[in-house]
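Nothing in this text is a laboratory measurement; each read-out follows from the coordinates by a stated rule. This is a predicted model, so every value here is computed, not measured. With ideal geometry, Cβ positions are generated from the backbone for all residues, glycine too; neighbour counts draw on all protein chains shown.
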Amino acid sequence: MKIGVTTFMTDEGIRPAPLAKALEERAFDSLFLHEHSHVAVKQETPFPGGGALPRVYYRTLDPFVALTAAAAVTDNLVLGTGVALLVQRDVIHTAKQVASLDLVSGGRVIFGVGTGWSREEMRNHGTDPRTRGKLLNEQLAAIKEIWSKDKAEFHGEHIGFDPIFSWPKPVQRPHPPIYIGGDGEAALARVAAHGDGWMPHSVGHPARVPPQLNRLAEVAGDKPVMVASVSARSELIAAYAEAGADHVALSLPTQPEPETLRMLDMFAALVSDYR
């Protein structure tokens with residue numbers, strides 16, 4: 001089982017380059033970054049984690065800028081979005097950003113995508129929360145066309161463009177792995193139809209791990225699972241390893257560099273048996 005971290009990269013925490021170097025030095029497999037473009041001043045959608053919206057949501061760096069900085073100082077670290085809120089993004093620009101990151105990193109990208117939860121954030125990007133699932137499905141199909149065709153075009157209900165040229169193409173073929181974020185039935189159906197893997201949140205308790213992973217097999221068959229935001233607890237990590245998870249990303253708090261490096265040393269000791 002591969003082990004990396006997932007985190008909120010902000011202007012108040014460790015910078016991308018030293019974090020990426022520290023991860024690779026400690027033999028971690030990957031770095032996955034969350035994305036939120038902004039927080040609406042009048043935020044009415046309840047935070048899924050309960051309570052007040054954490055400070056990191058207000059200060060998140062653009063994941064592709066941060067991952068490019070990480071790519072420049074590493075050789076083997078997998079670079080991923082966990083997840084990119086694609087329904088709030090321009091599909092042509094995003095296809096180019098992911099392909100460019102895959103090129104400059106030498107083919108080390110995992111593209112994690114999701115629909116998001118903040119209705120206010122979506123609306124500010126012109127996205128109708130009621131149709132975000134259908135929009136995401138079309139975006140994924142359109143991006144694959146851009147990545148795979150010299151002359152790409154797409155005509156759907158929500159996304160449409162006449163033939164275009166767009167380079168670079170990704171290094172990875174047929175394209176960087178697309179992992180679908182989310183825990184509900186719609187996300188699982190999207191994995192089956194459009195994804196190369198599933199990126200659920202950690203369930204938090206070892207006894208709930210086998211039922212969680214069994215749900216994927218029932219819907220999408222034998223596709224890889226990368227579990228995001230896993231608490232750094234030995235019994236939970238062991239449960240995911242035993243249940244057959246391909247990849248877990250430990251939840252790394254957003255802190256300044258000295259505190260982060262100490263936390264990574266603790267993580268490395270915790271997962272030494274899985275190397």
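When each full DSSP H helix of the chain is screened for a Cα extent of at least 15 Å along its own axis and an average Kyte-Doolittle hydropathy of at least 0.0, the helices passing are 91-104, 209-220, 257-270. Think of the chain as a dipole: +1 on every Lys or Arg Cβ, -1 on every Asp or Glu Cβ, centred on the Cα centre; then among G184, A20, L79, G184 lies furthest on the positive end.
Any chance you could tell me what percent of the C-alpha pair distances in the stretch 126-178 go past 12 Å? When all Cα pairs of the stretch 126-178 are counted, 65 percent exceed 12 Å.
Here the scattering of the stretch 28-116 is modelled by Debye summation over its C-alpha atoms, one equal scatterer each and no solvent; at q = 0.24 Å⁻¹ the log10 of I(q)/I(0) is -1.23. Given their separation in residues at 0.36 nm each and the Cα-Cα distance between them, A27 and E185 gain 53.4 nm when the chain is fully extended. Antiparallel as a % of all DSSP beta bridges within the chain, to the nearest 5? Once the DSSP bridges in the chain are tallied, antiparallel ones form about 15 percent. Estimated from helices alone, the mean residue ellipticity of the chain at 222 nm is -11500 deg cm²/dmol (sum of -39500 (n - 2.57) over DSSP H runs with n ≥ 4, per residue).
If you run the Gaussian network model on the chain, springs between alpha carbon atoms under 10 Å, then out of G51, G221, G107 the most flexible one is G51.
With the convex hull constructed from alpha-carbon coordinates only, the stretch 136-268 shows a mean projected area of 10.5 nm² over all directions. When only Cα pairs below 8 angstrom with a gap of at least 6 residues are kept, the stretch 170-227 shows a relative contact order of 33 percent. Under a no-solvent Debye model with one identical scatterer per Cα of the chain, what's log10 I(q)/I(0) at q = 0.09, 0.14 Å⁻¹? Scattering profile of the chain, log10 relative to I(0): -0.40, -1.02.
Computed packing ranks the peptides 246-256, 111-121 as 111-121, 246-256, most packed first, by mean other Cβ atoms within 10 Å.
Note on K96: lysines with a C-alpha under 29 Å away, same-chain residues under 8 apart excluded, are K2, K21, K134, K144, K149, K151, K169, K223. Using C-alpha pairs under 8 Å with a sequence gap of at least 6, the mean separation divided by the residue count of the stretch 1-49 gives a relative contact order of 46 percent.
Answer rounded, prolate or oblate for the stretch 204-275, using the Cα gyration tensor with square roots of eigenvalues a ≥ b ≥ c: rounded when a/c is under 1.5, else prolate when a/b is larger than b/c, else oblate.
prolate
Over the chain, Cα pairs under 8 Å with separation of 6+ residues give a relative contact order of 22 percent.
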